[in-house]
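Shown next, in structure tokens, is the structure this report addresses.
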Amino acid sequence: MPVLQVEGVPEELYERIRRRAAARNEEIATEVVRLLEQALAEDEEARAAHAAALADLRERRWTPPAGSPDGVALLREDRDR
């Protein structure tokens, strides 16, 4: 099994993890792995939700009917008046 060594962990963060592990009667390493798995799962869920929202917006995006005047041309025409 791979070993992950993390340097520079702030003391306060280490203590929070240590307390969580103790409350679950787990080792610190076990708690760190659980927290990493949870964070990655939440990240994947958030990415999937964002992708679904973007796909929904793309589906509902309004496009002008064929033969409609060009918006840029209309703005230029209006500015020239």
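Taking 7 Å steps out from each Cα toward its Cβ at Asp78 and Ala22 produces label points 6.7 nm apart. Multiplying the residue separation of Glu12 and Leu40 by 0.36 nm and removing their Cα-Cα distance gives an extension gain of 7.9 nm. Cβ crowding within 10 Å, taken as a proxy for footprinting-reagent exposure, orders Thr63, Thr30 from fewest neighbours to most as Thr63, Thr30. For the chain, the spherically averaged projection of the C-alpha convex hull amounts to 12.4 nm².
Helix hunt in the chain: which complete DSSP H runs extend at least 24 Å axially by C-alpha with mean Kyte-Doolittle at least 0.5? Membrane-span-like by this rule: not one helix. Given R0 = 41 Å, the distance between the Cβ atoms of Gln5 and Arg58 translates into a calculated FRET efficiency of 0.40.
Values in this text are rule-based calculations from the coordinates and carry no lab data. All figures in this text were calculated on a predicted structure; none of them were measured in a lab. Because the Cβ atoms are built from the backbone with ideal geometry, glycine has one as well, and the counts that use them run over all protein chains shown.
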